[in-house]
């Protein structure tokens, strides 16, 4: 069952965070993540929300460990919260693909 890992991080150096991001993307791709996105809080620019969709809960544990490994050396980034979400199967809105009518 696919799961979504959400991680809230406090970021004081966005440039340093951006530099390790490609390593995180590569790691996410290696464990078959189907979605990886980083959002910055519109009201507090020091907060980042990482959203990573993975095929299995075990993959989420592996991705969380990768986040710790990559972000821990950056003393200006701290993981403040992480959560694991699974789909309900209820109706959702899907973005239209080009050519769909």
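Readers should treat all values here as calculations from the given coordinates under stated rules, not as data from a laboratory. Predicted, not measured: the structure shown is a model, and the values here were computed from it. Here the Cβ is made from the backbone with ideal geometry for all residues, glycine too, and neighbour counts use every protein chain on show.
Apply 1/(1 + (r/R0)^6) to the Cβ-Cβ distance of residue 65 and residue 8, taking R0 = 22 Å, and write down the FRET efficiency to the nearest 0.05. Approximately 0.80, to the nearest 0.05.
Geometric descriptor of the chain, per residue, is 135 Å³ (volume of the convex hull of the Cα atoms).
Let me have the 222 nm mean residue ellipticity of the chain computed from DSSP H runs of 4+ only, each contributing -39500 (n - 2.57), with the sum over all residues rounded to the nearest 500. Calculated at 222 nm, the ellipticity per residue is -10500 deg cm²/dmol. Peptides 82-90, 20-28, 2-10 ranked from most to least packed give 2-10, 20-28, 82-90, packing being the mean of other C-beta atoms within 10 angstrom over each peptide's residues. FRET efficiency for the pair residue 31 and residue 93, taken as 1/(1 + (r/R0)^6) with r the Cβ-Cβ distance and R0 = 41 Å, rounds to 0.95. Solvent-free Debye calculation, one equal scatterer per alpha-carbon of the stretch 33-89: log10 I(q)/I(0) at 0.14, 0.17, 0.22, 0.27 Å⁻¹ equals -0.44, -0.64, -1.00, -1.28. Between helix 57-71 and the chain, what is the angle of the helix's C-alpha long axis to the longest principal axis, kept within 0 to 90° and rounded to the nearest 10? For helix 57-71, the angle is close to 30 degrees.
Length available on full extension from residue 74 to residue 47: 0.36 nm per residue minus the Cα-Cα distance, which gives 8.2 nm.
Extension gain, residue 19-residue 39: 0.36 nm per intervening residue step, less the Cα-Cα distance, totals 5.6 nm.
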